[in-house]
Amino acid sequence: MSFTLSARAFAYYEEKIHDFFVPSGVYGVEIGASSRDIRLDEEISVNGTVELPYVYTLTSTVGSLLKTAKGRALFERMMAGMQQSKEMDGTDALGEGGAEMARRMMMEMPLGSLATFGNVPMEQIQGMLAMLNS
């Protein structure tokens, strides 16, 4: 036996777009006689077709770049640049798990901090924000 779930089965009303929205992600579907008697569970992947609007500011985190297509493209360029200078990143001195710790710290870093810690001119950061928000 099989059945089809439409995108509407995964949708919720989103005030930002004044319409129903389906977030991309992996969803668990459970079938059972009751909530205590689950007989089948499966994970399915859903791809939403609409991106929620997001406004980037100096306090938005580097990780928040992953919220939009423009942000993801910029994040990939940033990561490629960092990969090129990996041998000078100093995470080896942090011991086991140092690279993961450095990645998590970077993901939580506000974009405005790139001026201080990333040695990026503030004018360049402002231009990046304008591009992301256009």
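None of the figures in this text is laboratory data; all of them are computed from the coordinates on show. Here the structure is a predicted model, which means the values were calculated and not measured. Glycine also receives a Cβ, built like all others from the backbone with ideal geometry; neighbour counts cover every protein chain displayed.
Taking all Cα pairs closer than 8 Å and separated by 6 or more residues, the relative contact order of the chain comes to 20 percent.
Seen against the Cα atoms of the chain and their longest principal axis, helix 98-108 is set at about 80 degrees. Counting only trypsin sites (Lys or Arg not before Pro) that DSSP places in a loop and that have at most 14 other Cβ atoms within 10 Å, the longest clean stretch of the chain runs over 37-134.
Assuming a viscosity of 1.002 mPa s and a temperature of 20 °C, what translational diffusion coefficient in µm² per second does Stokes-Einstein assign to the chain, Rh being the Kirkwood radius over Cα pairs? Stokes-Einstein gives a translational diffusion coefficient of 117 µm²/s.
Taking amide H positions as modeled 1.01 Å from N, with prolines and chain starts lacking one, the residues under 5 Å from PHE20 and 5 or more places away or on another chain are GLU14.
Rg(Cα) of the range 28-80 divided by 2.2 N^0.38 Å? Present the calculation step by step, with values, prior to reporting the outcome.
Numbers: Rg = 18.3 Å, N = 53, 2.2 N^0.38 = 9.9 Å.
Ratio of Rg to 2.2 N^0.38 Å for the range 28-80: 1.84.
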